Amino acid sequence: MKKIPVIIDVDTGIDDAIALLLAMSAEELDIKGITTVAGNQTIEKTTRNTLDVVEYFGRSDIPVARGYSKPLVREQIIAAYAHGESGLGTAVLPKAKKQAEALDAVSFIRKVLEESEEKITLVPTGPLTNIAILLLSYPHLKEKIEKIVLMGGGAYTGNSNAVAEFNILADPEAANVVFASGVNIVMCGLDVTLKAIITPDDIEKLLALNNKAGDFAAEAFKFYLEMYRKALNVSGCAVHDAVTIVYLTHPELIKTKPGTATVDIDGKYTYAGTVVDFTPWRDRSKDNALVGVDIDRDAFAQLVIDACKKY
Ligand code: BDR
Ligand code: CA
């Protein structure tokens, strides 16, 4: 099988960690590297969590490069309310021995793209700071990028406020650069990721695996579930970032619609919102995104459980 070459850019994060678990166990993917960015927590913590996840699940062979610690323009925000003080809820992993690469994230991605003979898919699941700086600094490398499959935004809703999703709100100016870059985007935003739910029943199944991935995922989800229960009074949690990986490994499970997606960086009331034009009379030559709108929830949950079985 021809593997899909990817670089995953994360702000690990409970759902980023699950995305990494899925990716690292997927035969379909060739992970050229993982880069980190500040988002759910500070860059120190997201990098630490990423190194710990990668080593604990036996993939120290994958290089991890540390990225930007602050957004391009706005004040930094983090999401400790959703991911806890460490970023992984109440889950605790052994501290990895492996260190981050000497190269920073943007230089690392640049090097991999420059040296690659094939195009590479970028998979950002955090704020888009690293990716924006890469595209601004080395625009000629756009032709080395197959596409950007990202978790961010929402055509019809926000989660940080009425219009803004967290990853976009954490660095709207960076997101604007990426969406306007001309690189093809697959937007796994809230329209699809809020349907990628793990339930308490699924967590029972993870615990029943009685292995290290099942235990880790169940513990991390406990914190997430509690946040969803308190905020929304629902019994389940959305595993946003994992949708990007499932899009690559099992695209048949996700329904997408073509659209023209932009990020509002000027709006008084709509700052950091993603505006997606699906109107039939739009100029379709301007379409830059495939926007996720639905997912087979049961198959998604089964993939998460199956991935955990492998560890
Ligand atoms: C996104 O925000 C973060 O908290 C999650 O890791 C995910 O990437 C969901 O809005
Ligand atoms: Ca994330």
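The values are calculated or read from the model by the stated rules, or taken from the named source; none is laboratory data. Everything quoted here is computed from the prediction, not taken from an experiment. Cβ: placed from backbone, ideal geometry, glycine included. Neighbour counts: every protein chain shown. The area values use the complete protein model at the heavy-atom level, side chains included, leaving out ligands, DNA and RNA. Shrake-Rupley method; radii C 1.70, N 1.55, O 1.52, S 1.80 Å.
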For the range 256-279, indicate whether the set of residues that are more than 20 Å from ALA164 (Cα to Cα), of a type in the set (A, V, I, L, M, F, W, C) and open to solvent by 10 Å² or more (accessible area, probe 1.4 Å) is non-empty. no
Within the range 114-134, residues being open to solvent by less than 30 Å² (accessible area, probe 1.4 Å) and more than 18 Å from the chain's Cα centre (by Cα) number 1
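Among ALA218, ALA213, ALA238, which is the only one that is within 20 Å of the chain's Cα centre (by Cα), at pLDDT 95 or above, closer than 27 Å to LEU128 by Cα and crowded, with 18+ Cβ neighbours inside 10 Å?
Going through ALA218, ALA213, ALA238 in turn, the sole match is ALA238.
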Among the residues of the range 77-97, the number that are open to solvent by 50 Å² or more (accessible area, probe 1.4 Å) and within 16 Å of ligand 1 (Cβ to nearest atom) is 3
Query raised in the report: Has the range 11-24 got at least one residue that is more than 15 Å from ligand 2 (Cβ to nearest atom), in contact with a Lys or Arg (Cβ under 9 Å, 6 or more places away or on another chain) and within 21 Å of LYS111 (Cβ to Cβ)?
Result: no
Within the range 1-28, the residues that are hydroxyl-bearing (Ser, Thr, Tyr) and within 15 Å of ligand 1 (Cβ to nearest atom) are THR12
Residue hits (the range 175-211; within 14 Å of ligand 1 (Cβ to nearest atom) and within 30 Å of HIS140 (Cβ to Cβ)) are ALA175, MET187, CYS188, GLY189
Any residue at all in the range 159-174 that's small (Gly, Ala, Ser), crowded, with 21+ Cβ neighbours inside 10 Å, in contact with a Ser or Thr (Cβ under 6 Å, 6 or more places away or on another chain) and in contact (Cβ under 8 Å) with a residue 60 or more places away in the chain? yes
message = Tell me yes or no: at least one residue of the range 135-145 is within 16 Å of ligand 1 (Cβ to nearest atom), open to solvent by less than 50 Å² (accessible area, probe 1.4 Å) and either in contact (Cβ under 8 Å) with a residue 24 or more places away in the chain or β-branched (Val, Ile, Thr) (or both).
response = no
Only one of (1) farther than 17 Å from THR157 by Cα; (2) open to solvent by 10 Å² or more (accessible area, probe 1.4 Å); (3) outside any loop (DSSP other than H, G, I, E, B) does not apply to LEU206, and that is (2)
All-but-one check, LEU93 against (1) touching a helix residue (DSSP H, G or I) at 6+ places or on another chain (Cβ under 6 Å); (2) under 29 Å from GLU173 (Cα atoms), failing number (2)
Filter the range 280-311 for residues that are open to solvent by 50 Å² or more (accessible area, probe 1.4 Å) and assigned to a strand (DSSP E or B); the one that is nearest to GLU173 (Cα to Cα) is LEU290
Filtering the range 29-76 down to residues that are within 16 Å of ligand 1 (Cβ to nearest atom), touching a residue at least 60 places away in the same chain (Cβ under 8 Å) and within 20 Å of ILE14 (Cβ to Cβ) yields THR35, THR36, VAL37, ALA38, GLY39, ASN40, THR46, GLY67, GLN76
Condition met for TYR247 (assigned to a loop (DSSP other than H, G, I, E, B), in contact with a strand residue (DSSP E or B) (Cβ under 9 Å, 6 or more places away or on another chain), open to solvent by 20 Å² or more (accessible area, probe 1.4 Å) and hydroxyl-bearing (Ser, Thr, Tyr)): no
Using the structure shown, decide if GLY152 is within 11 Å of ligand 1 (Cβ to nearest atom), in contact with a Leu (Cβ under 8 Å, 6 or more places away or on another chain) and closer than 25 Å to PHE278 by Cβ. yes
